[in-house]
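Throughout, read-outs are computed from the coordinates displayed, never taken from laboratory work. Here the structure is a predicted model, which means the values were calculated and not measured. Here the Cβ is made from the backbone with ideal geometry for all residues, glycine too, and neighbour counts use every protein chain on show.
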Amino acid sequence: MTRKILVLPGDGIGPEIVAQAEKLLTFFVEQKHIQLELESGLIGGSAIDAAGVPLPDETLSKARQSDAVLLGAVGGPKWDQIERSIRPERGLLAIRSELGLFANLRPAVLFPQLAAASSLKAEVVSNLDIMIVRELTGGIYFGEPRGIKQQDCERQGFNTLVYSESEIERIARVAFDVAAKRQGRVCSVDKANVLEATELWREVVTRVAKDYPDIELQHMYVDNAAMQLVREPKQFDVIVTTNMFGDILSDLASMLTGSIGMLPSASLAASGCGMYEPIHGSAPDIAGKGLANPLATILSVSMLLRYSLAESTLADNIDRAVSQVLSNGLRTKDIHSEETQLVSTDEMGDAVLSELVNLMK
Ligand code: NAD
């Protein structure tokens, strides 16, 4: 069966890094490891330049017909002055909401070869491998009523933390399914001692866990989770949490790994469609200079194969190829140190491809 992938390079370093990821997909197709149809589309600033809007209808309709979307990054100073509602980042928010991408998976993985880049001691983070599953379309970021109103003699700001049972259940199921492909442990993070919405969260996650007898479930308050992530991060396998707690904890966890250029992400919809992208932005300061690290995008392809196409062997091979390239001492500028070999974006892409070819002989 031929699966459709929509490739959206976007702006800044987007086209350079996505081109490296495409090399791997093209190799898989040419060697008949998988049947894929790759299409490309416009999003962000490049779409504004070509079509006047950050998410053209054509891109959205192609995305809806695809099994998965691979995105580079959007934005840049060229579009910073235009009206807020049609800025490049709006294209990203729009595609996430139009595709119903309610589950955000952000791994925090530290390759042992890069342990020195972390802000924590090498022995605390070496081989770190956590997956944060963040609810992405509900909670306090979307809850109504919200606003700023006049109350007596002063203004009052207010937001609403609201979760329905079905919203909690579907994100819990994503977390349990992800854990089943990993070490089989889920830690649900809430503030059930203070917030009723997360008391319900805890109750529903506990109920859903009964359908997954092989998965070990633990609950943790968010303040403790933040502390534990810094104290002993390797105790976690999968963390599932609300939109706002996930926003904060996933940034914290990603920084344990030291480099923004190494971290992929996935956003999944109930339909099975997923969008995969590096967590970093379009890095206009280094665009077009061959300095960008393509590994976050390459690892996003690994997630795409694993979560949208159920091709875990191909995904494992990409992860191994990346690890081998790092063991060989190759580094783009962001992760380069004295004793390693500095390579360009393109050379890094070629090196991963060459390791992949070796692994799949
Ligand atoms: P950024 O992530 O683009 O860059 C932050 C710093 O990290 C820069 O110094 C950059 O050079 C470096 N960097 C980022 N990715 C790198 C890579 N792959 N290899 C090496 N170095 C890398 O964040 P920013 O500078 O705050 O934002 C730049 C633009 O990107 C803005 O327009 C912003 O709105 C947009 N943005 C887009 C996304 C997205 O598309 N998902 C996310 C964040 C920011």
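Under the shape rule built on the C-alpha gyration tensor, where the axes satisfy a ≥ b ≥ c, the range 102-149 is prolate, since a/c reaches at least 1.5 and a/b is greater than b/c. By other beta-carbon atoms within 10 Å, ranking Thr332, Thr160 with the fewest at the front produces Thr160, Thr332. The alpha carbon convex hull volume per residue for the chain rounds to 158 Å³.
Put in order of Cβ neighbour count within 10 Å, fewest first, the listed residues Ser164, Ser250, Ser126 become Ser164, Ser126, Ser250.
Taken one residue at a time, the phi angles of the range 146-162 give Karplus couplings (6.51, -1.76, 1.60, θ = phi - 60°) of 8, x, 10, 10, 7, 10, 6, 9, 9, 8, 10, x, 8, 9, 10, 8, 9 Hz. Gly and Pro are set to x. Fewest-first ordering of Val29, Val238 by other beta carbons within 10 Å of each residue's beta carbon gives Val29, Val238. By the helix-only formula, in which each DSSP H run with n ≥ 4 contributes -39500 (n - 2.57) and the sum is divided by residues, the chain has a 222 nm mean residue ellipticity of -12500 deg cm²/dmol. Amide H contacts for Ile239 (H built 1.01 Å from N in the peptide plane; partners 5 or more residues away or on another chain; cut-off under 5 Å): Met131, Ile132, Val133, Cys187. When each of the peptides 64-74, 43-53, 321-331 is scored by how many other beta carbons lie within 10 Å of its residues on average, the order from highest to lowest is 64-74, 43-53, 321-331. Between Glu144 and Phe27, the distance separating the two model label sites (each 7 Å from Cα on the Cα→Cβ line) works out to 5.0 nm. Scoring 225-231, 296-302, 136-142, 14-20 by mean Cβ neighbours within 10 Å over their residues and listing the highest first yields 296-302, 14-20, 136-142, 225-231. Using the average count of surrounding beta-carbon atoms within 10 Å as a protection proxy, the listed peptides 267-276, 150-159 rank, highest first, as 267-276, 150-159. Applying 1/(1 + (r/R0)^6) with r as the Cβ-Cβ distance of Ser164 and Arg320 and R0 = 30 angstrom yields a FRET efficiency of 0.15. Remark: the range 264-277, residue by residue, has Karplus-estimated 3J(HN,Hα) of x, 8, 9, 10, 10, 10, 4, 5, x, 5, x, 10, 10, 7 Hz, where x stands for each Gly or Pro and the curve is 6.51 cos²θ - 1.76 cosθ + 1.60 at θ = phi - 60°. Counting only Cβ charges, +1 for Lys and Arg and -1 for Asp and Glu, the dipole size of the range 103-268 around its Cα centre is about 360 debye. Residue by residue, the range 206-211 carries 3J(HN,Hα) couplings of 4, 5, 4, 4, 5, 7 Hz when phi is fed to the Karplus relation 6.51 cos²θ - 1.76 cosθ + 1.60 (θ = phi - 60°); x denotes Gly or Pro. Net charge dipole, the chain: roughly 240 debye, given to the nearest 20, about the Cα centre with Cβ charges of +1 for Lys and Arg and -1 for Asp and Glu. When DSSP beta bridges are restricted to pairs lying wholly in the chain, around 40% turn out antiparallel.
For Lys149, the lysines whose Cα falls under 28 Å of its own Cα, not counting residues fewer than eight places away in the same chain, are Lys191. The residue list Ser119, Val162, Asn224 was ranked by how far each Cα lies along the charge dipole of the range 103-268 toward its positive end, using unit charges on Cβ atoms, and Ser119 comes out on top.
In terms of distances greater than 25 angstrom between alpha carbons, the cross-link table entries Lys181/Lys210; Lys62/Lys361; Lys234/Lys361; Lys121/Lys333; Lys289/Lys361; Lys32/Lys289 yield Lys62/Lys361; Lys234/Lys361; Lys289/Lys361; Lys32/Lys289.
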